[in-house]
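Here's the structure we're looking at; comments come further down.
The values are calculated or read from the model by the stated rules, or taken from the named source; none is laboratory data. This structure is a prediction, so every number in the text was calculated from the model and none was measured. Cβ atoms come from the backbone with ideal geometry, glycine included; neighbour counts cover every protein chain shown. When the accessible area is computed, the model is the full protein with side chains, heavy atoms only, and any ligands, DNA or RNA have been set aside. Shrake-Rupley method; radii C 1.70, N 1.55, O 1.52, S 1.80 Å.
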Amino acid sequence: MRARVVTRLEPYLVAIAELPESAESAPEAEGSIVVVDGQGDWCSAAADALARGAAAIIVSRPSPAPVGSLDALAAVVQSVPVILERDLLRADAVDLVRDSMSEIATPAVLAVECHAPRPQLGTALHDAIGWARVIAGARLSVRSGASSGGRVLGLLEAGPDAAVPVIAGEQPGAGPLGCVRVTTLAETRLEVEAARDVVVAVTDSTGRRVLPALFESPHRVALRRAIAAVCTGTGTVDLRDLRDDAAAVEALLATAGA
């Protein structure tokens, strides 16, 4: 049985065509996977799709949303899967990094850099904080922050044992999605660089190895995840994770006075 998908977004129409045995286009939200454009007030659009009986929600490229809006959406989601297709925090890249972390001790320090054109900086910073959360294996809290020369500087922590220095700033030449780089400072070093593509590298005493590149489109990854969640009846943690990242970003910007 194929999952029914409601979307007008071209990349998802392509993804449906690429998954002919598991997905088909549908006109109505009832019982379907509904793809929501992540620009603007996407939380309200997702809540509306849920009210119309959507079986799952995909949010394509979610823009920053206030923590209060994310909490309000979470309150009406209940057990309906919500899949977030985040620009620089691809779900398949996260799985790749988590698999690699099984061989690496939890780092004591994670250095986070985030650069993007002004319109994209907020989204890129959320994804940078998300990468730090993934690698540290814990949600982040803010210890201090400052802003200077268009940059935001912060010191966050992931639990009692991991420090996370962060620098973020506008950079017109960083590419349309911006760029995030996270580096662990440890005997075995993990480096994640996310821009148009995601590059993951591990460096230890034997040398530096780059993990396999990801070739599947983020839209198809999101659609496959939504189909799997609907078929198995399992929930997702995407919305919860974004809420944690948004809370850390809001606290950082408030502390920095940015």
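So for the pair Arg189, Glu28, with labels modelled 7 Å out along Cα→Cβ, what separation do we get in nm?
Distance between label points: 5.8 nm.
From Cα pairs below 8 angstrom and at least 6 apart in sequence, can you work out the relative contact order of the range 1-124, rounded to a whole percent?
19 percent.
Given a 1.4 angstrom probe, I'd like the percentage of the accessible area of the chain that is carbon and sulfur, rounded to a whole number.
For the chain, the apolar C and S fraction of the accessible surface comes to 52 percent.
Please build a GNM for the chain, connecting alpha carbons under 10 Å apart, and tell me which residue among Ala47, Ala105, Ala163 fluctuates the most.
Between Ala47, Ala105, Ala163, it is Ala105 that shows the largest mean-square fluctuation.
Report the calculated FRET efficiency for Arg8 and Arg209 (r = Cβ-Cβ distance, R0 = 35 Å), to the nearest 0.05.
In this case the efficiency is close to 0.25.
Tell me which of Leu156, His126, Gly53 sits at the most positive position along the dipole axis of the chain, charges placed on C-beta atoms (Lys, Arg +1; Asp, Glu -1).
Of the listed residues, the answer is Leu156.
Scan around Leu84 for amide H atoms under 5 Å from its own, H built in the peptide plane at 1.01 Å from N, and keep only partners 5 or more places away or cross-chain.
The answer is Val59.
Working out 0.36 nm times the residue gap between Arg118 and Ser148, then minus their Cα-Cα distance, what length gain in nm do you get to one decimal?
Working: separation 30, 0.36 × 30 = 10.80 nm, distance 1.54 nm.
Between Arg118 and Ser148, full extension yields 9.3 nm more.
With θ set to phi - 60°, apply the Karplus curve 6.51 cos²θ - 1.76 cosθ + 1.60 along the range 165-175 and write out the HN-Hα couplings as whole Hz, x wherever there is a Gly or Pro.
Computed from phi, the couplings for the range 165-175 are x, 10, 10, 9, x, 6, 8, x, x, 7, x Hz.
Divide by every residue of the chain the summed helix terms, -39500 (n - 2.57) for each DSSP H run of at least 4, and state the resulting mean residue ellipticity at 222 nm, rounded to the nearest 500 deg cm²/dmol.
Mean residue ellipticity at 222 nm (helix-derived): -11500 deg cm²/dmol.
Is the range 115-258 rounded, prolate or oblate when judged by the Cα gyration tensor, a ≥ b ≥ c being the square roots of its eigenvalues, rounded requiring a/c under 1.5 and prolate requiring a/b larger than b/c? Walk me through the intermediate numbers first.
Values: a/c = 1.41, a/b = 1.23, b/c = 1.14.
Cα axes put the range 115-258 in the rounded bin.
Which whole-number percent gives the relative contact order of the chain, counting Cα pairs below 8 Å spaced six or more residues apart?
Values: 546 pairs, mean separation 53.6, N = 258.
With pairs under 8 Å counted, the relative contact order is 21 percent.
For the chain, what does the accessible surface come to per residue with a 1.4 Å probe? Please give it in Å².
48
Would you look at the GNM of the chain, springs on alpha carbons closer than 10 Å, and say which of Val80, Val237, Val34 moves the most?
Largest GNM mean-square fluctuation: Val237.
Connecting C-alpha atoms closer than 10 Å in a GNM of the chain, tell me which of Ala65, Ala228, Ala132 has the biggest fluctuation.
Taking springs between Cα atoms under 10 Å, the residue moving most is Ala228.
Can you compute 3J(HN,Hα) from phi for each residue in the range 6-18, using the Karplus curve 6.51 cos²θ - 1.76 cosθ + 1.60 with θ = phi - 60°, rounded to whole Hz and x for Gly and Pro?
3J(HN,Hα) across the range 6-18, in whole Hz: 9, 6, 10, 7, 4, x, 7, 5, 5, 4, 4, 5, 7.
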